[in-house]
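First comes the structure, then the notes that go with it.
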Amino acid sequence: MRWIIQVGICVGVFGFCLYSYMDQQNTLTCVKMRLPQVEKEIQLIREESRRLSYQIDLFESPSHLIELAHAPEYSHLKHPIFKEILTVPEAFAANIDL
């Protein structure tokens, strides 16, 4: 009788281990199935990032900024006088905690 109980316990533990292993394999398979979709999403995000970076570079180019400075909606802006420009020494700026 004792032998049958030990075998039953061993079979139960083996069954639990097998179930746990199969559950992990199913989870891994689901992740592997989603991987191509995630890779496509990452590729699209990288392409969008490159496109936006290019647009930022075009917008910040000196020629475009000069064109904007001559535009009528920015005519109220003026270059500052040298006395109006405030400078902060690097040693002072390094001691400021933000």
- Size of electric dipole in the chain: Cβ of Lys, Arg +1 and of Asp, Glu -1, about Cα centre, debye, nearest 20: 680
- Taking the chain and counting helices only, DSSP H stretches of n ≥ 4 at -39,500 (n - 2.57) each over all residues, the nearest-500 ellipticity at 222 nm comes to -26500 deg cm²/dmol
- Query: With labels modelled as points extended 7 Å from the Cα through the Cβ direction, what inter-label distance (nm, one decimal) is found for Glu60 paired with Lys78?
  - Reply: 2.9
- Candidates per GluC sites (Glu not before Pro) in region 1-92, loop by DSSP, up to 11 other Cβ within 10 Å: Glu60
- Cβ-based charge dipole, the chain, positive-most Cα from Pro62, Tyr19, Met1: Met1
- Query: Among [x] 261; [y] 95; [z] 188, which one is volume of the Cα convex hull per residue in Å³ computed from these coordinates?
  - Reply: [x]
- Could you give the angle, 0 to 90 degrees to the nearest 10, between helix 2-59's Cα long axis and the longest principal axis of the Cα atoms of the chain? 20
- Please give the FRET efficiency for Val7 paired with Gln37, using the beta carbon to beta carbon distance and R0 = 30 Å, rounded to the nearest 0.05. 0.05
- Estimated inter-spin distance, Ser53 and Ala69, nm [label 7 Å along Cα→Cβ]: 2.8
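Bear in mind that the values in this text are calculations on the coordinates, not laboratory data. For clarity, every value in this text was computed on a predicted model and none was experimentally measured. Virtual Cβ from ideal backbone geometry, glycine too; neighbours counted across all protein chains shown.
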